[in-house]
Amino acid sequence: MSEHDRSVSENPYAVALAQFDQAAKQSNLDADLWEVLRRPKRELVVNFPVEMDDGSIQMHTGYRVHHNVARGPAKGGIRYHPRADLDEVRALAMWMTWKCAVMNLPYGGAKGGVAVNSSSLSQRELENLTRRYTSEIIPLIGPEADIPAPDVGTNAQVMAWFMDTYSMHMGHSVPAVVTGKPVEVGGSEGRSLATSTGMLVATDEVLRRQGTPVADEATVAIQGAGNVGWGALEVFGDAGYLVVAISDSRGGVYNPSGLDRAVLAEHVRGGGRISNCDAAGDLITNDQLLSLDVDVLAPSAIEGQIHGENVSDVRAQLVVEGANGPMTPDADKELWDRGVVVIPDILANAGGVTVSYFEWVQGLQQFFWTGDQIAERLSTHMRQAVASVWDLSVANSTSLREAAYSVAIRRVAEATRLRGIYP
Ligand code: NAD
């Protein structure tokens, strides 16, 4: 049980372990390797003070977990969220291991988090918190050791402060210590929309392989309107899909004729929330969004949103997991039994870490690629990964999640076996 007393069905680490155990069993994973791959390699918990604008001091707790580094340096984002805790960070780190492996990137899996509501902080307080958290986890991070990136509640500006703090400690600029930075300080073209673009490529590929024509105007509902959800609104819209609904944590908006992006953007720029943008359509709850009769449902907010109690309401025929862990294993099984295809998180949202990998390579070489080069390489990586997962799922008559886990676990297990157990 985590510090926040989540029930087991809600606990993301319990979900991550259940998914791993099922896949390890199906892959006939050797019992010893099973034990090795099941556990996080190292976990750091830090308690640190942050000076607030009024001169007071607030204590915060942060985490950085390396799940597995058999295939390369640890890679994974940093989350600022009030519910961030050790179990959540462990789950997210484990999912990063499988995600990097399924994409065949030379990385292990990591994740970090700070339990904080970042929207309640001023920019100055956010910077203070970021710089202090960075300095607390310096023993673990570095361009050849562990490379963070943005996640829920963090963004390119936070990554710039992160990079600057690490660089100040080293005495020279180290852009490759973090990805998702602004382009002006060594970020990559295409990184901000990379996760959503990867979701689009994966969706197109799966629809094509299913023999479903990639219909112009296939309808899409998106839960979450952050980096991933808002990006999905843009890239799916640009590609000719009809995005009919989007939400934030308080609720969403639905328009069967398609959402007007300009109206939504204007509303948000003016300080409004998606959940009260009635100029764009009918206001709906997040539960209503998940049960809309659409072709594609893209849960792109946080974990545990589709679960045993609401899965029977899901009417989409294709679910694309923009978020990490948005579905519990019981819901996943029910959708599989009903013939609903789910593109699992470790594949569907892997465009972000793929372009992060490109950013890291560019940072190490100080040689930068064009937006077109990034887009082409991202598309190639995604299509190859979808192909290997799809083919295995067809060969073994399993879900795409089971196939993706199988590909990933085999790669990590093989790297572990080849490296051997030291000493
Ligand atoms: P973000 O902080 O930019 O946005 C999160 C969005 O989700 C916000 O719109 C928020 O209002 C909404 N939200 C929060 N709680 C919600 C709830 N209970 N119901 C509905 N909406 C809710 O975060 P992000 O970077 O877009 O990440 C979203 C998800 O995608 C996370 O699971 C993250 O781990 C995953 N992910 C992110 C990236 C990336 O590149 N940023 C890459 C891969 C996966």
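Would you confirm, using the coordinates I've provided, whether GLY351 is within 18 Å of VAL201 (Cβ to Cβ), of a type outside the set (Val, Ile, Thr) and over 21 Å from the mean Cα position of the chain (by Cα)? In short, no. With a requirement of 3 or more residues that are more than 16 Å from ALA348 (Cα to Cα) and either within 16 Å of the ligand (Cβ to nearest atom) or in the same structural domain as LEU318 (by TED's automatic domain parsing) (or both), the strands (runs of 3 or more DSSP E) lying completely within the stretch 196-306 that satisfy it span 242-248, 251-254, 282-284.
Among all positions in the stretch 161-169, there is at least one residue which is within 16 Å of the ligand (Cβ to nearest atom) and surrounded by 21 or more Cβ atoms within 10 Å (Cβ to Cβ).
Let's see how each residue does on (1) within 16 Å of the ligand (Cβ to nearest atom); (2) modelled with pLDDT under 95; (3) more than 15 Å from MET52 (Cβ to Cβ); (4) part of a strand (DSSP E or B):
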site: GLY109; (1), (2), (3), (4): yes, no, yes, yes
site: GLY112; (1), (2), (3), (4): yes, no, yes, yes
site: LEU140; (1), (2), (3), (4): no, no, yes, no
site: VAL152; (1), (2), (3), (4): yes, no, yes, no
site: MET159; (1), (2), (3), (4): yes, no, yes, no
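Annotation note: of GLU321, GLU334, the sole residue that is assigned by TED's automatic domain parsing to the domain that holds ALA221, of a type in the set (D, E, K, R) and either modelled with pLDDT under 95 or within 11 Å of the ligand (Cβ to nearest atom) (or both) is GLU321. If I filter the stretch 154-164 for residues that are more than 23 Å from ILE346 (Cβ to Cβ), among the charged types (D, E, K, R) and in the same structural domain as TRP98 (by TED's automatic domain parsing), do I get at least one hit? Checking the stretch 154-164: at least one residue is more than 23 Å from ILE346 (Cβ to Cβ), among the charged types (D, E, K, R) and in the same structural domain as TRP98 (by TED's automatic domain parsing).
Among the residues here, PRO82 qualifies as surrounded by fewer than 18 Cβ atoms within 10 Å (Cβ to Cβ) and within 15 Å of the ligand (Cβ to nearest atom). Across the stretch 337-348, the number of residues qualifying as free of Cβ contacts under 8 Å to residues at least 60 places away in the same chain, assigned to a loop (DSSP other than H, G, I, E, B) and within 16 Å of the ligand (Cβ to nearest atom) comes to 0.
Being assigned to a helix (DSSP H, G or I), out of contact with any His (no Cβ under 7 Å at 6 or more places or on another chain) and surrounded by fewer than 17 Cβ atoms within 10 Å (Cβ to Cβ) is the filter here; which residues of the stretch 122-138 pass it?
Those that are assigned to a helix (DSSP H, G or I), out of contact with any His (no Cβ under 7 Å at 6 or more places or on another chain) and surrounded by fewer than 17 Cβ atoms within 10 Å (Cβ to Cβ): GLN123, ARG124.
Scanning the stretch 1-14 for residues that are at pLDDT 95 or above and not aromatic (Phe, Trp, Tyr) turns up PRO12, ALA14. Taking the criterion of being basic (Lys, Arg) and closer than 25 Å to ASP204 by Cβ, the only residue of the stretch 240-294 that qualifies is ARG261.
The values are calculated or read from the model by the stated rules, or taken from the named source; none is laboratory data. This is a predicted model, so every value here is computed, not measured. Reconstructed Cβ throughout: ideal geometry from the backbone, glycine too, with neighbour counts over all protein chains shown.
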